[in-house]
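Notes follow the structure.
The values are calculated or read from the model by the stated rules, or taken from the named source; none is laboratory data. From a predicted model like this one, the values you see are computed outputs, not experimental measurements. Glycine also receives a Cβ, built like all others from the backbone with ideal geometry; neighbour counts cover every protein chain displayed.
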Amino acid sequence: FDREDKIDYVFKVVATGDSAVGKTQILSRFTKNSFCFDSKSTIGVEFQTRTLTIKGKVIKAQIWDTAGQERYRAVTSAYYRGALGALVVYDITKRRTFDNVARWVDELRAYADTSIVIMLIGNKADLVDLREVPTEDAVEFAENKGLFFSETSALSGDNVESAFFQLLEEIHGIV
Ligand code: GDP
Ligand code: MG
């Protein structure tokens, strides 16, 4: 029995956003249900995968992670090529990472397919006392730009699963 035989679709999803907002940990939470406290900012892996079923179809989500290039805003067009979905992640405790979201969305609009589905993610929602970005600001931004939106915690796992499922279901609806 070879599981690969049963895959109906492979969906490439890319993670973007400033350095240290939690992109790698969100991916680990979703693909391995794990969180690594002493994660280094650079990990050599290009993507992580998880196979799941949506509306009776077996979907392999191939989620691409940066290897630190986002620090120098040096993410190349190859990274975005063929992506059907994107997570644009900011840290709710760092206003600057939210202010930079518009630039990441512009980059997606420039390099990715026009039909790409974008999910704005406010991560580190567990750090309630350190919040710098009100939820309403992000809701308004997402509405204006036509993005889906969720606040997550890779640490606790809150909303990570639901955010990915919403994104993947939306992609499934348009393929
Ligand atoms: P990346 O550079 O965007 O890939 O960020 P990382 O995934 O490497 O995470 C950067 C730092 O934020 C690490 O020290 C993580 O442990 C921490 N971190 C990531 N997600 C969360 C979260 O949901 N809550 C908290 N409290 N810390 C987080
Ligand atoms: Mg990372």
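Any residue that is at pLDDT 95 or above and within 10 Å of ligand 1 (Cβ to nearest atom) - is there at least one of those in segment 95-109? Yes, segment 95-109 contains a residue that is at pLDDT 95 or above and within 10 Å of ligand 1 (Cβ to nearest atom).
If you go through segment 77-96 and keep only what is over 17 Å from Lys145 (Cα atoms) and either within 16 Å of ligand 2 (Cβ to nearest atom) or among the aromatic types (Phe, Trp, Tyr) (or both), you end up with Tyr79, Tyr80, Asp91, Lys94.
Give me the residue from segment 1-38 that is basic (Lys, Arg) and part of a helix (DSSP H, G or I) and, out of that set, modelled with the lowest pLDDT. Quick ask: steps written out before the conclusion?
Our first condition is that a residue be basic (Lys, Arg); within segment 1-38, this holds for 3, 6, 12, 23, 29, 32.
Cutting the leftovers down to part of a helix (DSSP H, G or I) gives us 3, 6, 23, 29, 32.
Numbers: Arg3: 58, Lys6: 90, Lys23: 95, Arg29: 96, Lys32: 90.
So the residue we want is Arg3.
With the checklist (1) surrounded by 15 or more Cβ atoms within 10 Å (Cβ to Cβ); (2) in a helix (DSSP H, G or I) in hand, flag the one item Thr93 doesn't pass. Tallying (1) surrounded by 15 or more Cβ atoms within 10 Å (Cβ to Cβ); (2) in a helix (DSSP H, G or I), Thr93 fails exactly one: (2).
Let me spell it out: the conditions are (1) touching a helix residue (DSSP H, G or I) at 6+ places or on another chain (Cβ under 9 Å); (2) away from ligand 1 (no atom under 14 Å from the Cβ); (3) touching a residue at least 24 places away in the same chain (Cβ under 8 Å), and Ile92 meets all of them except one. Which number is the exception? Single failed check for Ile92: (2).
For every residue, the table says whether it meets (1) within 16 Å of ligand 2 (Cβ to nearest atom); (2) touching a residue at least 12 places away in the same chain (Cβ under 8 Å); (3) under 26 Å from Phe11 (Cα atoms).
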site	(1), (2), (3)
Ile118	no, yes, yes
Asp126	no, yes, no
Arg131	no, yes, no
Pro134	no, no, no
Glu143	no, no, yes
Phe148	no, yes, yes
Glu151	no, yes, yes
Leu155	yes, yes, yes
Asn159	no, yes, yes
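Taking each residue of segment 53-78 that is within 30 Å of Lys6 (Cβ to Cβ) and looking for partners that are exposed (fewer than 13 other Cβ atoms within 10 Å of the Cβ) and among the basic types (Lys, Arg) with beta-carbon atoms closer than 7 Å, six or more apart or interchain, yields Val58/Lys6.
Would you check which residues across segment 120-142 are within 15 Å of ligand 1 (Cβ to nearest atom) and either at pLDDT below 95 or not in a loop (DSSP other than H, G, I, E, B) (or both) and list them?
The initial filter retains those residues of segment 120-142 that are within 15 Å of ligand 1 (Cβ to nearest atom), namely 120-133.
Across segment 120-142, the qualifying residues are Leu120, Ile121, Gly122, Asn123, Val128, Asp129, Leu130.
I need the full set of residues from segment 127-175 which are of a type in the set (Val, Ile, Thr), farther than 16 Å from Ala86 by Cα and crowded, with 19+ Cβ neighbours inside 10 Å, in order please.
If we filter segment 127-175 for residues that are of a type in the set (Val, Ile, Thr), which is where we start, we get 128, 133, 135, 139, 152, 160, 171, 174-175.
Right, trim to farther than 16 Å from Ala86 by Cα and you get 128, 133, 135, 139.
The answer is Val133, and nothing else.
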